[in-house]
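A.B. asks: The structure that follows is given in the form of structure tokens.
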Amino acid sequence: MPDVKAASVPGSSAPAPSFEVPLEMLAACHGRVQAQCDTLRRLLPHLAQQGADRAAQEAATAVMRYFDTAAVHHHADEEVDLFPALIEAMAGSDAVCLRGMTRALADEHRELEMRWRSVRAGLEAVTRGDPSVLQAAEVQAFVDQYASHIAREEAELLPMAARLLSDEEIARIGTAMRKRRGVELEPPRSAVPS
């Protein structure tokens, strides 16, 4: 059933942001998280009507793959690179406020990871053909918490990072994100053919 599979990100025909614009890349990741959450929402009524058929199993596998890899990298991008860079860029009492915000966001990451483990167990059962373990309340709590978390990051964190971080620091974050994913840096293209 096509409506169950992971939805593409609206506007995905445009080139995805690259590691050269890491703040845009983090924001684009939020869109992909939301798309996976939408798939989770659609999966629940599908399971009730169709059971854990092939489409449900494929959707469950795709959602697990995303949250087991890309979401983990996203949280590390923020906690290991972005949060410390922001705190370093701040001085005085503002840094205290920023530390509180980044600590709260990191705590939300832990809560989301805990909720994910529960949702993932249900999705694993779906991939084996058992729809009964995926609990609607757990899925809804996970999806709702992610929506709230993303809204806060987009309203507070990313605009602050764009305002406070230097081009050099943003480039360093992009390089760290690239390395975290094992993506090699492309050699610069020469303007003059050799």
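The values are calculated or read from the model by the stated rules, or taken from the named source; none is laboratory data. In this text the structure is predicted, and so the values were computed from the model without any measurement. A quick note on method: Cβ atoms are made from the backbone with ideal geometry, for glycine too, and the neighbour counts reach across all protein chains shown.
For (1) closer than 22 Å to Leu82 by Cβ; (2) modelled with pLDDT of 90 or more; (3) touching a strand residue (DSSP E or B) at 6+ places or on another chain (Cβ under 6 Å), each residue gets a yes or a no:
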{"residue": "Val9", "(1), (2), (3)": "yes, no, no"}
{"residue": "Ser13", "(1), (2), (3)": "no, no, no"}
{"residue": "Glu20", "(1), (2), (3)": "yes, no, no"}
{"residue": "Cys29", "(1), (2), (3)": "yes, yes, no"}
{"residue": "Gln34", "(1), (2), (3)": "yes, yes, no"}
{"residue": "Asp38", "(1), (2), (3)": "no, yes, no"}
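A.B. asks: Now for a different question. Restricting the range 51-69 to residues that are surrounded by fewer than 15 Cβ atoms within 10 Å (Cβ to Cβ) and in contact (Cβ under 8 Å) with a residue 40 or more places away in the chain, which is farthest from Val143 (Cα to Cα)?
C.D. replies: Gly51
A.B. asks: Scan the helices (runs of 4 or more DSSP H) fully inside the range 123-194 and keep the ones with 3 or more residues being surrounded by fewer than 15 Cβ atoms within 10 Å (Cβ to Cβ), among the charged types (D, E, K, R) and at pLDDT 95 or above.
C.D. replies: none
A.B. asks: Can I ask one more? Within the range 42-61, is even one residue part of a helix (DSSP H, G or I) and under 16 Å from the mean Cα position of the chain (by Cα)?
C.D. replies: The answer is no; no qualifying residue exists.
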